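Taking it in order: structure first as structure tokens, then the write-up.
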């Protein structure tokens, strides 16, 4: 059984902390994705699991074995690299069998395993080719075959699809998922592409600045992001986030135009607190559609700015300030009051048009503006407050 | 090379290179028309067409670019080689009379091949060539791998290793002459620490060639290191990591994954080193300051120069020179052919 456990793993390069106190507990057979922006420490985390770097502190356990100080070859892992890293002087067979030959397997065993692996990734009949005679997708399949032929306990994949073109990448995703199903091994997958993370994983570990932000199933990360970073990183386009202030009767945006009514005390907020409100573009509706939303907010006035027709939907940039027709180049302050809305492609919405929008109360998030921590996901159960006095009496947070 | 000249002339002559392959058919027809009209005026058109068919259509336009160099090289390099070969067929010696070209034979070659001195020189040349190149490559590779593993002061080491190459043979020969000195040389002092020696490295015919090879390796392994280092830097770190994850020890990783990828660097470095080995004349000459290198270290180059310029056996010297030339060609030839076959020439 190959559980992988990271406990307090820290990696420092001089003054720079690449990975800071990382704790991960990965179950056997799990497909887990480490995702985050470039330089967030996800690759370093993977390297410490692989044994290619020694952590400055903390322990790595694979199965029941503390592997923190073991070299890569004794960890029962196999790895697929971003730039594929096939050995250019060896043909496909030699590349795939390299690890087995080093371990002195018998010729028959090697042949059997190589053919088996080649079969799994549809490389049959290409075993005598040289890497430079193959396409990018074929090479990546060789790299995957090289990993599965060793029948490791844990697969490590460091952005294996990043160098492939978009169409091939989508295809290889399904290949990887099928392999995972067939082989019943743990897969740890690193990517900066949140779409890959969402589609393939059992759980996503979102990492930023060397720290684990959230580890949860993809939909949990999407629907209940633990903090502002996860909210912004998972989902494309990003979640709208607006600065604002808690009033006696709910929350109001900085420019006063977006008001959401609820009892702040139920969220432990008190008037004067300044939490950030978040809502995803698909949870913003024009007021005509308000009756399709179970828990709509009140109508909010806005002006459409730019439209981005995507084919299957249209992204509408909304300005919530009172600038109406005299629209100017957006300054930063104005950007903050911008709201992105996604509407269906048959909508007749136009640019520079006054429009009233509603938000889905069950999909509204509040985050602490300073720490970024989530305060609430969905406020559909919170009643509006009629009188201001009750809230004032309770709010002492 | 010729191709690039062609492109340049084409651009200068009329920017014709913008045509696409689609209209090349038209062009052949046009060309044919021109040739036909010229045929009426005289036979020169036919010659021109033949030249164009053979060497490409902008052959004449490109002459200003390649002809001067072509003529100079023909005269001073290939012409001299030819003349040298011609002299080697005569019995020319001394300055008393001019070479007699009326009676050409291979007598000098027979004399050279049967001469024990020349045979020794050939053996020494080969020994120097092979030992120097192999040791230099091996040593340079080890240095490059060590430097590549991210040691401290990497740049300093690189400079230190490369520095000897910038020195003249005359200087390094003098250095080593002093260092090999049997009474107060530092090499013998070093051996003295272990109770060995003193050895007369230069005077002992059994040691002198090894001593010379060592000195040359010292001078040129820095160069090999730089060539290998460049090649190592081109190998992605993932290859090292992949090999490690696959279970290779450090030695096996280098031996089976990294070193095979240095093939091209090895080929180009060995060609340069072999050429330097053949040119070791300077070093040997500077070691003693005259045409007679220490016993046991006579190579073809020194033998040739000694026969020609000391003994004034011009024809004999020329014959040895041709042998040396053939030797060099035998080394460079396969390399050039390999490059030509892979379209790198």
Longest to shortest principal axis, alpha-carbon extents of the stretch A:334-377, angstrom: 39, 26, 16
Expressed as a percent, the portion of alpha-carbon pairs in the stretch A:88-179 spaced more than 18 Å apart is 43
Based on a Kirkwood Rh over C-alpha pairs, give the Stokes-Einstein translational diffusion coefficient of the stretch A:189-293 at 4 °C and viscosity 1.567 mPa s in µm²/s. 83
Kirkwood Rh and Cα-based Rg: tell me the resulting Rg over Rh for chain B, rounded to two decimals. 1.10
Please identify, among A:113, A:129, A:139, the residue showing maximal mean-square fluctuation in a Gaussian network model of chain A using a 10 angstrom Cα cutoff. A:129
Radius of gyration and Dmax for the stretch B:192-290's Cα atoms, expressed in Å? 19.3, 59
Could you check the spin-label model distance between residue B:331 and residue B:183? Points 7 Å from the Cα along Cα→Cβ, value in nm. 3.7
What value in Å³ per residue do you get for the convex hull of the alpha-carbon atoms in the stretch B:103-159? 113
What spacing in nm lies between the two simple spin-label points modelled at residue B:267 and residue B:51, each 7 Å away from Cα in the Cβ direction? 3.6
Share (percent) of C-alpha pair distances in the stretch B:219-263 greater than 18 Å works out to 32
Span from the the stretch B:128-198 Cα centroid across to the the stretch A:245-323 one, whole angstrom: 76
For chain A, take the longest principal axis of its alpha carbons; what is the angle in degrees between that and the long axis of helix A:166-183, to the nearest 10 within 0 to 90? 70
Quick check: the distance between the Cα centres of the stretch A:107-141 and the stretch B:199-223, to the nearest angstrom? 50
Just how far, in whole angstrom, is the stretch A:1-18 from the stretch B:258-300 if you go by their alpha carbon centroids? 52
Over the stretch A:4-233, what lengths in whole Å, largest first, do the semi-axes of the equivalent ellipsoid take, defined as the square roots of 5 times the eigenvalues of the alpha-carbon gyration tensor? 30, 20, 15
Mean projected area in nm² (Cα convex hull; one quarter of hull surface) for the stretch A:162-221: 4.6
222 nm [θ] for chain A, helices only, -39500 (n - 2.57) per DSSP H run of 4+, per residue, to 500? -7000 deg cm²/dmol
Can you tell me the alpha carbon radius of gyration of the stretch A:258-303 divided by the globular rule-of-thumb value 2.2 N^0.38 Å? 1.34
Starting from 0 in steps of 20 Å, tell me what percent of the Cα-Cα pairs of chain A lands in each bin. 24, 44, 26, 5, 0
Per residue of chain B, what 222 nm ellipticity follows from adding -39500 (n - 2.57) for every DSSP H run with n ≥ 4, rounded to the nearest 500? -21500 deg cm²/dmol
Using the Kirkwood radius over Cα pairs of the stretch A:1-79, the Stokes-Einstein translational diffusion coefficient at 20 °C and 1.002 mPa s, in µm²/s and rounded to a whole number, is 169
Once both axes come from the Cα atoms, what is the angle between helix A:92-102 and the longest principal axis of chain A, in degrees from 0 to 90, rounded to 10? 70
Based only on Cα atoms, what Rg/Rh ratio does the stretch B:94-232 have, Rh being taken as Kirkwood's radius? 1.14
Build a GNM of chain B with springs between Cα atoms under 10 Å: which of B:162, B:323, B:48 gets the top mean-square fluctuation? B:48
What Kirkwood hydrodynamic radius, in Å, does the protein assembly as shown give when the mean of 1/r is taken over all pairs of distinct Cα atoms and then inverted? 33.9
Any chance you could give the angle, 0 to 90 degrees and rounded to 10, that helix B:263-278 forms with the longest Cα principal axis of chain B? 70
tail above 17 Å in the computed P(r) of the stretch B:243-345, as % of all Cα-Cα pairs, reads 67
Work out, in µm²/s and without decimals, the Stokes-Einstein translational diffusion coefficient of the stretch A:103-143 at 20 °C, 1.002 mPa s, Rh from Kirkwood over C-alpha pairs. 196
Take chain B, connect every pair of alpha-carbon atoms lying under 10 Å apart with a spring to form a Gaussian network, then pick out the residue of B:179, B:73, B:274 with the largest mean-square fluctuation. B:73
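None of the figures in this text is laboratory data; all of them are computed from the coordinates on show. From a predicted model like this one, the values you see are computed outputs, not experimental measurements. Note: ideal-geometry Cβ built from the backbone for every residue, glycine included; neighbour counts use all protein chains shown.
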